[in-house]
Amino acid sequence: MGDCFLSEKPKVSFIVTALNEEVRLEATINEIYKSVDGLVDEFEVVMVNDGSTDKTGEIMERLAAADARLRVIHNPKNLNLGGAFKRGLQDVKLDYIMWLPGDNGAPAPTVRPVLEKVGQADIVVPYLADPRNRSLPRRFVSRSYTLLLNTLFGLKLRYYNGIVVHRRDLLQSIEISTNSFACFAEALIKLLRRGSSYVEVGYISTERPAEAGRSSAFRLKNVVNVVKTIWYLYATCVLFNKTPKKAPIKIEFVPVAAGQPGSAAPDRK
């Protein structure tokens, strides 16, 4: 792991999960078209209708009928974010995988900086460069969550729940146990502790203030599931794991003289 630098444009699978997003789903897909323009060689979109009761499924079918690169999966019942993501993960085919929310929460200006880093490491980990647009409670919870995971698992990530890009072969080689939104943290922790390389990239949030303070992560059921996932990960990856942890490789980009291309230097953390 770690020797994955691309000299050509990547091939990217997008997993779009949606629950009752009839108003924003089509805009989400339109933003993907803008995001990939000039940055990828090939792409596909797997749309997962996670038990919606509105017209989300119908809209997905209409969009897929118009573009062979789009496919639809219908969950008969709601599987939660992690469950829907794992269902899409079974169906993707291209070299890299990126999850996007079906509520158009990650438009092109957010996604493009992340796609520009694909191929520079096994994993591209985005983080919010300026979190001030989010509410204070949400910022506090996010920072506390990140600090807790970094402390427990010996990592130094800035964020765990963003629109991460993974190599498909690596992501499909691990088991993701949770159906909660902690599925993204679980995948990162397991792969980084196996020695995967990663590069971090900051992005500017385009969320409106009213949206920035709204998150389903604060629901009691989700909080309980996240706590269970963290305990499971700590027990299996730290307490009872006899396999030595491998240091993840953080790819740092070293500034060079003006007019010369930058170079990437691996840094084992």
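Among the conditions (1) closer than 30 Å to Lys250 by Cβ; (2) surrounded by 16 or more Cβ atoms within 10 Å (Cβ to Cβ), the only one that Asn75 does not satisfy is (1). Could you list, in sequence order, all residues of the stretch 156-204 that are at pLDDT below 95, of a type in the set (S, T, N, Q) and out of contact with any Lys or Arg (no Cβ under 9 Å at 6 or more places or on another chain)? Within the stretch 156-204, Asn161, Ser177 qualify. State whether one or more residues within the stretch 165-174 are touching a strand residue (DSSP E or B) at 6+ places or on another chain (Cβ under 7 Å) and β-branched (Val, Ile, Thr). Yes, the stretch 165-174 has at least one match. Where helices (runs of 4 or more DSSP H) fall wholly inside the stretch 1-99, the ranges with 1 or more residues that are aromatic (Phe, Trp, Tyr) and farther than 26 Å from Glu186 by Cβ are 25-36. Restricting attention to the stretch 214-269, the residues being modelled with pLDDT of 70 or more, in contact with a Phe, Trp or Tyr (Cβ under 7 Å, 6 or more places away or on another chain) and in a loop (DSSP other than H, G, I, E, B) number 1. Is there a residue in the stretch 138-155 that is of a type outside the set (Ser, Thr, Tyr) and touching a Gly at 6+ places or on another chain (Cβ under 7 Å)? Yes, that holds for at least one residue.
Looking at the stretch 48-55, is at least one residue crowded, with 22+ Cβ neighbours inside 10 Å and under 20 Å from Leu171 (Cα atoms)? Yes; the residues of the stretch 48-55 include at least one that is crowded, with 22+ Cβ neighbours inside 10 Å and under 20 Å from Leu171 (Cα atoms).
Across the stretch 105-118, which residue is farthest from Met47 (Cα to Cα) among those that are in contact with a Leu (Cβ under 8 Å, 6 or more places away or on another chain) and surrounded by 20 or more Cβ atoms within 10 Å (Cβ to Cβ)? Step by step, filter the stretch 105-118, then rank; the result is Val118. Every residue in the stretch 148-169 that is of a type in the set (A, V, I, L, M, F, W, C) and closer than 16 Å to Phe14 by Cα, please. Within the stretch 148-169, Ile163, Val164, Val165 qualify.
The values are calculated or read from the model by the stated rules, or taken from the named source; none is laboratory data. This is a predicted model, so every value here is computed, not measured. Note that each Cβ is placed from the backbone with ideal geometry, even for glycine, and that neighbours are counted across all protein chains shown.
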